[in-house]
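Some notes on the structure that comes next.
The values are calculated or read from the model by the stated rules, or taken from the named source; none is laboratory data. The model shown is predicted, which means the values in this text are computed figures rather than measured ones. Cβ sites come from the backbone with ideal geometry, for glycine too, and all protein chains shown count toward neighbours. When the accessible area is computed, the model is the full protein with side chains, heavy atoms only, and any ligands, DNA or RNA have been set aside. Shrake-Rupley method; radii C 1.70, N 1.55, O 1.52, S 1.80 Å.
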Amino acid sequence: MKERLSIIVVEKDAERALRIVDGLREAGEHDILVISEGTALARRIGERAPDIVLIDAGDPSRDILEELALASGPLDRPVAMFVDRSDAALTRAAIEAGVSAYVVDGLRPDRIKPILDAAIARFHLFQRMRAELAATRAALEERKVIDRAKAILMKARGIDEEAAYALLRKTAMDQKRRVADIAQQLVMAAGLLT
């Protein structure tokens, strides 16, 4: 974790906000901004681009919880949400919205630092998993296009699959391009001719 974090605290109650800020100051030297108004929350958080957002939601309804979670940009940064009561549906909604840490009755100064650490670590873990999933999906899609291109070549030239792939590969090397790009062009051209 970085030594000095940029932290946004979303808390309507000034007294509770002060306790959170005190707890954060005990955890280290951080740049802290408290936002007490819900209006334009997403824009204000986006402009500041903090390292983490802490939301003290108290006893939120499902709609308010989802609105707060989404406004805080949970896919762009870690978000830790503190609530007063346990509710399985609200917990699931918060996690599905991308909240990194959902803490019930845990807003105590001595717990803030480990919660921050866990939220940041969890966020980075999920960020890596999302990137790997996107790369896997892209590779699978490329594989499908290459298979279609091979089938087109096999039918048009009367060659087997290995020869079709070798032809795609040689063409890609000759043109200094990727096999997937050549395959995509072939599939598009074949689509225009049928």
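Among Gly23, Gly28, Gly46, which is farther than 16 Å from Leu116 by Cα and surrounded by 12 or more Cβ atoms within 10 Å (Cβ to Cβ)?
Gly46
Looking at the range 179-194, I want the residues that are part of a helix (DSSP H, G or I) and have a partner that is among the acidic types (Asp, Glu) with Cβ atoms under 9 Å, at least 6 apart or on another chain. Which pairs are those?
Taking only residues 6 or more apart or on different chains, the pairs are Val179/Glu142; Ala180/Glu141; Ala180/Glu142; Ala183/Glu142; Ala183/Asp147; Gln184/Glu142.
Which one is most open to solvent (accessible area, probe 1.4 Å) among residues in the range 78-109 that are in a strand (DSSP E or B) and without any contact (Cβ under 8 Å) to a residue 24 or more places away in the chain?
As a first pass, look at the range 78-109 and keep what is in a strand (DSSP E or B): 79-83, 101-104.
If we keep only those that are without any contact (Cβ under 8 Å) to a residue 24 or more places away in the chain as well, we get 101-104.
Values: Ala101: 13, Tyr102: 37, Val103: 15, Val104: 56 Å².
Here the residue is Val104.
As an exercise: evaluate Gly73 against (1) loosely packed, with under 14 Cβ neighbours inside 10 Å; (2) within 28 Å of Arg128 (Cβ to Cβ); (3) touching a Gly at 6+ places or on another chain (Cβ under 9 Å) and give the number of the one condition it does not meet.
Going through the list (1) loosely packed, with under 14 Cβ neighbours inside 10 Å; (2) within 28 Å of Arg128 (Cβ to Cβ); (3) touching a Gly at 6+ places or on another chain (Cβ under 9 Å), Gly73 breaks only (1).
Only one of these conditions is not met by Thr39: (1) part of a helix (DSSP H, G or I); (2) open to solvent by 30 Å² or more (accessible area, probe 1.4 Å). Which number is it?
(1)
Could you tell me which of the residues Ile152, Ile112, Ile120, Ile146 is of a type outside the set (Asp, Glu), buried (at least 17 other Cβ atoms within 10 Å of the Cβ), part of a helix (DSSP H, G or I) and in contact with a Pro (Cβ under 6 Å, 6 or more places away or on another chain)? Walk me through how you get there before you give the answer.
On the way: Ile152 fails: in contact with a Pro (Cβ under 6 Å, 6 or more places away or on another chain); Ile112 fails: in contact with a Pro (Cβ under 6 Å, 6 or more places away or on another chain); Ile146 fails: in contact with a Pro (Cβ under 6 Å, 6 or more places away or on another chain).
Checking each option against the conditions leaves just Ile120.
Kindly indicate the residue of the range 1-21 that is more than 21 Å from Ala69 (Cβ to Cβ) and either in contact with a helix residue (DSSP H, G or I) (Cβ under 6 Å, 6 or more places away or on another chain) or β-branched (Val, Ile, Thr) (or both) and also modelled with the highest pLDDT among those meeting that condition. So that I can check it myself, show each step before the final result.
First, the residues of the range 1-21 that are more than 21 Å from Ala69 (Cβ to Cβ): 1-4, 14-15, 18-19, 21.
Imposing the further condition that a residue be either in contact with a helix residue (DSSP H, G or I) (Cβ under 6 Å, 6 or more places away or on another chain) or β-branched (Val, Ile, Thr) (or both) reduces the set to 1, 21.
Values: Met1: 53, Val21: 89.
Looking at residues that are more than 21 Å from Ala69 (Cβ to Cβ) and either in contact with a helix residue (DSSP H, G or I) (Cβ under 6 Å, 6 or more places away or on another chain) or β-branched (Val, Ile, Thr) (or both), I get Val21.
For residues in the range 155-178 being of a type in the set (Asp, Glu) and in a helix (DSSP H, G or I), which is surrounded by the most Cβ atoms within 10 Å (Cβ to Cβ)? Steps first, answer last, please.
Initially, the range 155-178 is screened for residues of a type in the set (Asp, Glu), giving 160-162, 174.
Now narrow it down to the ones that are in a helix (DSSP H, G or I): 161-162, 174.
Working: Glu161: 12, Glu162: 10, Asp174: 9.
The residue in question is Glu161.
So Val34 passes all but one of these: (1) open to solvent by 20 Å² or more (accessible area, probe 1.4 Å); (2) in contact with a helix residue (DSSP H, G or I) (Cβ under 7 Å, 6 or more places away or on another chain); (3) within 26 Å of Leu125 (Cα to Cα); (4) not in a helix (DSSP H, G or I). Which condition number does it fail?
Unmet condition: (3).
Can you tell me which of Lys155, Lys150 is more than 32 Å from the chain's Cα centre (by Cα) and closer than 17 Å to Asp181 by Cα? Break it down stepwise before answering.
On the way: Lys155 fails: closer than 17 Å to Asp181 by Cα.
Step by step, each of Lys155, Lys150 is checked, and only Lys150 is more than 32 Å from the chain's Cα centre (by Cα) and closer than 17 Å to Asp181 by Cα.
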